[in-house]
Amino acid sequence: IINSESLRSEVNHYLNVDPAKLKLINEAVDHSLFASGDADLARSQVASHGVTKPFVLFVSSLWAYKNCDGLLRAWALARNELPGRQLAIVGSGRDEKYLAELNALVADLGIGDDVVFVGGVSLEETVNFYRAADVFVYPSLNETFGLPILEAMACGCPVVTSNVSAMPETAGGAAVLADPRAPESIARAIVEAAQPSHRDQLLDRGFARASQFSWAATGSQTLDVYREVAANRRNRRR
C-alpha cells in the first residue's frame, strides 16, 4: 500500500517491485478533530505558549529533512513585510544536534525576538495553532504524503508548502508552492499567502481539498486490499 503517486515513482525508481502490486490509498483527516473553529478562542489558548501576536506556523518534529532551517532563513527575509508577527515552531526536537543548530541559526539571523520554539503539543492543542495562525508553512524536502497540509486546510488555515515530492499532489492546487531549497521562494510564498485577497481564496480551496479525504474511505480501501490478498492466497492453495 502506497499513499501517493510520488511514492509510487520512488518505489518504481529504486526498488525491484512488480508495479501491479502497488495499491494507492491516500491518508486522510480526522474531521471530528481538525475543523474550523473560534479563531479568537484559539489565539487565547496558544498565548500560554508564548505566541501572543499574529503568527506564521510550522508544525513538525524537528528532523533536518523537514527543513525548519530553510524556513528560518525565509522568515528572516519575509518578516519585514509581515510586521508585528511571530513565527511559531510547533514540534518536538527529536534530533538534539539539529535543534541546537536551529537555535544557533536564529541567533545568527537576529530573529530571536519573533521566533517561538513551542515544543511538542497534543493534537488538540495543535488544532488551536492551526485555527489561530495566519499561514501554515510546510517546507519539507521530501514527504510521501504530508498530512499536516490537509490538517491545516481543514482547520481554516492557508497553506504554503514545497513544490517537490508528494506535497503538490496532496495540496491539490489549494496551497501556495515554493522551492524548499530557496529561502527567497519560501519567503515570497509566505507573504503571498498572508495577503487578504489570496488568503480568502486559499481558505475556500483548502476546505474543499481537505473534505476529499476521510479515514472511513481510507479504511474501506485498505480492507479491500486485505480481502484481495486473502482471496489470492486461497486461490494459490487450491
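The values are calculated or read from the model by the stated rules, or taken from the named source; none is laboratory data. Please read these numbers as outputs of a predicted model, since none were measured by experiment. All Cβ positions, glycine included, derive from the backbone under ideal geometry; neighbour counts span all protein chains shown. Calculation scope for accessible area: heavy atoms of the full protein, side chains included, ligands and nucleic acids excluded. Shrake-Rupley method; radii C 1.70, N 1.55, O 1.52, S 1.80 Å.
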Residue count, segment 15-32, condition of a type in the set (Gly, Ala, Ser) and open to solvent by 60 Å² or more (accessible area, probe 1.4 Å), comes to 2
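Has segment 155-167 got at least one residue that is open to solvent by less than 10 Å² (accessible area, probe 1.4 Å), touching a residue at least 24 places away in the same chain (Cβ under 8 Å) and small (Gly, Ala, Ser)?
Filtering segment 155-167 for residues open to solvent by less than 10 Å² (accessible area, probe 1.4 Å) gives 155, 157-162, 166-167.
Restricting the remaining residues to those that are touching a residue at least 24 places away in the same chain (Cβ under 8 Å) gives 155, 157-162, 166-167.
Narrowing further to those that are small (Gly, Ala, Ser): 162, 166.
Taking every residue of segment 155-167 in turn, at least one turns out to be open to solvent by less than 10 Å² (accessible area, probe 1.4 Å), touching a residue at least 24 places away in the same chain (Cβ under 8 Å) and small (Gly, Ala, Ser).
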Single unsatisfied condition, residue 41 versus (1) part of a helix (DSSP H, G or I); (2) surrounded by 13 or more Cβ atoms within 10 Å (Cβ to Cβ): (2)
Given (1) open to solvent by 60 Å² or more (accessible area, probe 1.4 Å); (2) at pLDDT below 95; (3) among the hydrophobic types (A, V, I, L, M, F, W, C), where does residue 231 come up short, assuming only one miss? (1)
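Does residue 123 satisfy the condition of being open to solvent by less than 10 Å² (accessible area, probe 1.4 Å) and either at pLDDT below 95 or not small (Gly, Ala, Ser) (or both)?
Details: open to solvent by less than 10 Å² (accessible area, probe 1.4 Å): no; either at pLDDT below 95 or not small (Gly, Ala, Ser) (or both): yes.
So residue 123 does not fit the description; no.
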List pairs: first in segment 56-74 and without any contact (Cβ under 8 Å) to a residue 60 or more places away in the chain, second surrounded by fewer than 20 Cβ atoms within 10 Å (Cβ to Cβ) and small (Gly, Ala, Ser), Cβ under 6 Å, 6+ apart or cross-chain? 61/92; 62/93
Check segment 58-68 and report whether any residue there is open to solvent by 10 Å² or more (accessible area, probe 1.4 Å) and among the aliphatic types (A, V, I, L, M). yes
If you go through 74, 88, 104, the only one that is under 17 Å from residue 55 (Cβ atoms), at pLDDT 95 or above, assigned to a helix (DSSP H, G or I) and of a type in the set (Gly, Ala, Ser) is 74
Candidate set: segment 183-197, residues that are among the polar types (S, T, N, Q) and either outside any helix (DSSP H, G or I) or in contact with a strand residue (DSSP E or B) (Cβ under 9 Å, 6 or more places away or on another chain) (or both); chosen: the one most open to solvent (accessible area, probe 1.4 Å): 195
All positions within segment 198-216 that are open to solvent by 60 Å² or more (accessible area, probe 1.4 Å) and hydrophobic (A, V, I, L, M, F, W, C): 207, 215, 216
Please determine whether any residue of segment 69-86 is under 30 Å from residue 35 (Cβ atoms), open to solvent by less than 20 Å² (accessible area, probe 1.4 Å) and within 15 Å of the chain's Cα centre (by Cα). yes
So which residues in segment 128-153 are crowded, with 24+ Cβ neighbours inside 10 Å, outside any loop (DSSP other than H, G, I, E, B), among the hydrophobic types (A, V, I, L, M, F, W, C) and in contact (Cβ under 8 Å) with a residue 40 or more places away in the chain, if there are any at all? 129, 132, 135, 136, 137, 150, 152, 153
Of all residues in segment 1-14 being in contact with a helix residue (DSSP H, G or I) (Cβ under 8 Å, 6 or more places away or on another chain), of a type in the set (S, T, N, Q) and open to solvent by less than 60 Å² (accessible area, probe 1.4 Å), which is nearest to residue 210 (Cα to Cα)? 4
